[in-house]
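To start, the structure under review is shown below, and the notes come after it.
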Amino acid sequence: MDNERSTWREHLQRSWNVSACDRVSERVRAFSSGDRIIFYSLAALVGIAALLSLYALEQSLLIEIPTYGGSLTEGELGSPQFINPLLAISDADRDLATLTYAGLMGLSGIGALVPVLAEGYDISPDGKSYTFTLRKGVTFSDGSPVTADDIVFTVKKAQDPSLKSPEYADWAGVNIVAVDARTVRFTLAKPYAPFLGLTTLGILPARLWQNVSSGEFPFSTLETSPVGAGPFKVASVSRDASGLIKSVSLTANQRYVLGRPYLDTINVNFYSRTEDLAGALASRAVESVYDVPSTSKKLTAPYARVFGVFFNPSEKQVYARTEVRKALSLALDRESIVKNVLDGYATPIMGPVPPGGDVNQTPVPQSDNPTATAAKVLQSAGWTYDGAARLWQLAAPKGAKQTLDRVTIRTSNVPELKSVAGAVKADWEKLGIPVDIELYEPGDLSQNVIRPRKYEALLYGMVIGRDQDLYAFWDSQERNDPGLNIALYANKTVDSLLESARGSTDDTLRTTNLQKIEDAVSADYPAAFIYAPDFTYAVPENLRGVTLPQIIIPADRFATVASWYRVTDAVWPFFAHLNR
C-alpha cells in the first residue's frame, strides 16, 4: 500500500512539472499541418485583439494635457517705440508691454481682475485705502526680486508731469507708500471704485530705471530690452533700414509668477498697411492677427466701445428737441448696418452701456419700416414734411418756424466709419433729410472738431473702461474740453447716479446705478447709438487655451497668454497636476 501511494505521488509530481506551454505544444504537434496553420492564425488574431484592447483601455484612461513647446507668429499693424507701460502710446507698444510686464493685478479669461504680482489686497471701509501684499519670491525676468519699492517707483514716475506719461491722469493725486518690503498702500482723496483696474499697470524694476532721467526715459536701451515680470521676455529685435522695428522675438519667462508659459516663443511681425498684414496671414507668414478680414479661424469678444452719432444742440438748435433726436435715432436700420456694413461682427445698441456686462441693454426697436416709425414721431410732435424743399418744419408760437433741413455728419477718415456714415446717410435721406459727410484724419478730428465742439452731428466711438465708469462721457461737468461729454448732455439725475456709481465699492449698487443710467440716457436720445463692435482674433486651428475677455484695448487679448498651447501630452489622470 505504501509503495502504491509513493508511486502515485511521483506520478502527480511529474504531471505538475510539465509546463502548460509544453502540453499545448505537444497537442499542436499532434495536429495536421492544415490544423496547425488555422491554430496559429487564430492565436495571432487573439493576441493582436488583446493588445489592441489593452491599448484602447489605456487610451480611454489617459487624458490630454498641455505641455511646453511650440511657437506663435503674430502679425500687427504699426511699429513699436516704447516697450514700457508708462510710455506705451500705440497698440503695438501696449501689446509688447503686456507680454513683458506684469502688474499687481491682471485679467482672467472672463475679464475679472485677479492678483498677479500681488498675493492679495484689502480695501478700507471708507473705500479710500487699498493695501496690497506681494507674493513671496516674485521676481523680474532677470531674477531680481520685485519689492514694494518697485511699485512705489513706478507709480511716482507715472505721476511725474515731466515724463508726460499717458498714465498720468489715472495716477495723479494717488498717495502711495511702501509699508514694508512686501506691502504697499494706496490712498485716494475720495472713493473711486474703478481704481482696482488701474493696478494692472506693469511694474518697472527701480534699480534699473531710478538713475534714468525723465528726459532720457524714451531713449533708454531698456525700451527695447525690457526687464519686467511678465510671462515673456524680449530675445531679439529686428529693424528695417530706416530704424523702425519690424519684428520682435519673445521667449517664455521661466520665472513668471503664475507659471512658465506653455509656448516657448512668440514672434511679432509688424506691417505698415492692413493689406500687407492680410497678405501675410493669407501666405502664412503670420499665424494670428486681430481685426483684419480673413478666412482663418476667428475668435470674437465684445469690445467695450459704443458707436453712434452724437448731436450737438449748441451748434444746431433743432437738436435740442427730443422728438428730433428720437426720430433720427429710430430712422436707422441698425440690424442692416451690422449685417451689411460690419459683416455681423457687432451688436446693435440703443444706449450708452456696451454689451457684455450685467446691465440689460435697451431693446433695439423691431420695425419693418424704420423710416415710417421715425416720421410718425415727428408728425406726432407737430412736424410736417415739405417735399419740394426737402425739409421738415414745425410751426412755433408767434409765427416762427423750426426746420430740420440738412444734417452734416463729421467723422474719422477710416474705412469702418466711412462705411457706417454712408449707411446712416442713406437711412436719413429716406426720411427726406439731405445728409453731408465730412471726413477728417483722426488727429485733425480730435484737435479741430471734437475738442472745440465744432460739429452738429459727430459719428464717433466711446471707449468705455472695464469698470464701465461713464462719468467722463455723460456727466454735465464734462461737457467742455477736456471732458468727453461730446453730446453736451445734462441731466441732474444722471449726474447723481454717475457720482454714486464711481464712488461705491458695492458691486450690486453699482450695477443698479448703471442700469438706471442706461435707461435714462437712452430715453433722452442725446445720440443715435448704433453698434458695439466685436473684437475679432484670427488664430491657427491648433492654438488652444485662448480665452478672450471683454476687450478694452487690443492688448487684453493676451490676458491668458501664459495658458496658450500647441503641444500636448497624454498622461494618467493622477500625473496631470505635475506637468506645470
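The values are calculated or read from the model by the stated rules, or taken from the named source; none is laboratory data. What you see is a predicted model; the values in this text were computed from it and never measured. Cβ placement follows ideal geometry from the backbone for every residue including glycine, while neighbour counts extend to all protein chains displayed.
A compact table of results
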{"quantity": "Residue list for segment 467-499, restricted to those being surrounded by fewer than 21 Cβ atoms within 10 Å (Cβ to Cβ), at pLDDT below 95 and of a type in the set (S, T, N, Q)", "calculated": "N480"}
{"quantity": "Any hit, segment 281-299, residues being among the small types (G, A, S) and closer than 30 Å to R479 by Cβ", "calculated": "no"}
{"quantity": "Filter pass, R410 being in contact with an Asp or Glu (Cβ under 9 Å, 6 or more places away or on another chain), assigned by TED's automatic domain parsing to the domain that holds V309 and surrounded by fewer than 17 Cβ atoms within 10 Å (Cβ to Cβ)", "calculated": "no"}
{"quantity": "Search result, residues across segment 146-182 that are polar (S, T, N, Q) and surrounded by 15 or more Cβ atoms within 10 Å (Cβ to Cβ)", "calculated": "T147, T154, Q159, S165"}
{"quantity": "Check on L488, on the phi > 0 side of the Ramachandran plot and in the same structural domain as V364 (by TED's automatic domain parsing)", "calculated": "yes"}
{"quantity": "Residue in segment 237-244 that is buried (at least 18 other Cβ atoms within 10 Å of the Cβ) and either in contact with a Leu (Cβ under 8 Å, 6 or more places away or on another chain) or in contact (Cβ under 8 Å) with a residue 40 or more places away in the chain (or both) present", "calculated": "no"}
{"quantity": "Selection status of V539, surrounded by 19 or more Cβ atoms within 10 Å (Cβ to Cβ), in contact with a strand residue (DSSP E or B) (Cβ under 8 Å, 6 or more places away or on another chain) and either aliphatic (A, V, I, L, M) or at pLDDT 95 or above (or both)", "calculated": "yes"}
{"quantity": "Condition met for Y440 (assigned by TED's automatic domain parsing to the domain that holds A327, touching a residue at least 12 places away in the same chain (Cβ under 8 Å), within 30 Å of E275 (Cα to Cα) and surrounded by 15 or more Cβ atoms within 10 Å (Cβ to Cβ))", "calculated": "yes"}
{"quantity": "Identity of the residue in segment 114-147, outside any loop (DSSP other than H, G, I, E, B) and within 30 Å of A235 (Cβ to Cβ), that ends up farthest from the chain's Cα centre (by Cα)", "calculated": "P145"}
{"quantity": "Spans of strands (runs of 3 or more DSSP E) in segment 258-365 with at least 1 residues within 30 Å of W392 (Cβ to Cβ)", "calculated": "305-311, 346-348"}
{"quantity": "Where A193 falls short, out of the listed (1) surrounded by fewer than 18 Cβ atoms within 10 Å (Cβ to Cβ); (2) of a type in the set (G, A, S); (3) modelled with pLDDT under 95", "calculated": "(1)"}
{"quantity": "Residues of segment 136-171 classified as farther than 17 Å from N211 by Cα, touching a residue at least 12 places away in the same chain (Cβ under 8 Å) and either aliphatic (A, V, I, L, M) or not assigned by TED's automatic domain parsing to the domain that holds F232 (or both), total", "calculated": "3"}
{"quantity": "Sole residue being of a type outside the set (V, I, T), modelled with pLDDT of 95 or more, in the same structural domain as K316 (by TED's automatic domain parsing) and surrounded by 13 or more Cβ atoms within 10 Å (Cβ to Cβ), chosen from G357, G351", "calculated": "G351"}
{"quantity": "Members of segment 216-236 that are buried (at least 16 other Cβ atoms within 10 Å of the Cβ) and either in a strand (DSSP E or B) or not assigned by TED's automatic domain parsing to the domain that holds R544 (or both)", "calculated": "F232, K233, V234"}
{"quantity": "Single match in A97, A92, A102 (criterion: in a loop (DSSP other than H, G, I, E, B) and modelled with pLDDT of 95 or more)", "calculated": "A102"}
{"quantity": "Residue that is surrounded by the most Cβ atoms within 10 Å (Cβ to Cβ), among those in segment 370-389 that are more than 20 Å from R325 (Cβ to Cβ) and not acidic (D, E)", "calculated": "A389"}
{"quantity": "Listing of helices (runs of 4 or more DSSP H) fully contained in segment 462-533 that carry 2 or more residues being over 23 Å from the mean Cα position of the chain (by Cα)", "calculated": "492-503, 507-524"}
{"quantity": "Residue match in segment 182-199 (condition: in contact (Cβ under 8 Å) with a residue 12 or more places away in the chain, more than 21 Å from A501 (Cβ to Cβ) and either of a type in the set (G, A, S) or in a helix (DSSP H, G or I) (or both))", "calculated": "no"}
{"quantity": "Tally of residues being part of a loop (DSSP other than H, G, I, E, B) and either in contact with a strand residue (DSSP E or B) (Cβ under 7 Å, 6 or more places away or on another chain) or among the aromatic types (F, W, Y) (or both) across segment 148-174", "calculated": "1"}
{"quantity": "Residue in segment 435-454 that is within 28 Å of A388 (Cα to Cα), part of a helix (DSSP H, G or I) and touching an Asp or Glu at 6+ places or on another chain (Cβ under 7 Å) present", "calculated": "no"}
{"quantity": "Condition met for V289 (among the aliphatic types (A, V, I, L, M), closer than 30 Å to G357 by Cβ, in contact with a Phe, Trp or Tyr (Cβ under 9 Å, 6 or more places away or on another chain) and in the same structural domain as V521 (by TED's automatic domain parsing))", "calculated": "no"}
{"quantity": "Complete set of residues in segment 173-215 that are of a type in the set (S, T, N, Q) and closer than 30 Å to D507 by Cβ", "calculated": "N175, T183, T187, T199, T200"}
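Per-residue answers, yes or no, for (1) free of Cβ contacts under 8 Å to residues at least 40 places away in the same chain; (2) not aromatic (F, W, Y):
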position: Y262; (1), (2): no, no
position: E275; (1), (2): yes, yes
position: L281; (1), (2): no, yes
position: R284; (1), (2): yes, yes
position: S288; (1), (2): no, yes
position: S294; (1), (2): no, yes
position: L330; (1), (2): no, yes
position: D333; (1), (2): no, yes
position: S336; (1), (2): no, yes
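For every residue, the table says whether it meets (1) closer than 14 Å to P352 by Cβ; (2) in contact (Cβ under 8 Å) with a residue 60 or more places away in the chain; (3) of a type in the set (A, V, I, L, M, F, W, C).
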position: W474; (1), (2), (3): yes, yes, yes
position: L488; (1), (2), (3): no, yes, yes
position: T511; (1), (2), (3): no, yes, no
position: A532; (1), (2), (3): yes, yes, yes
position: L548; (1), (2), (3): no, yes, yes
position: A562; (1), (2), (3): no, yes, yes
position: D569; (1), (2), (3): no, yes, no
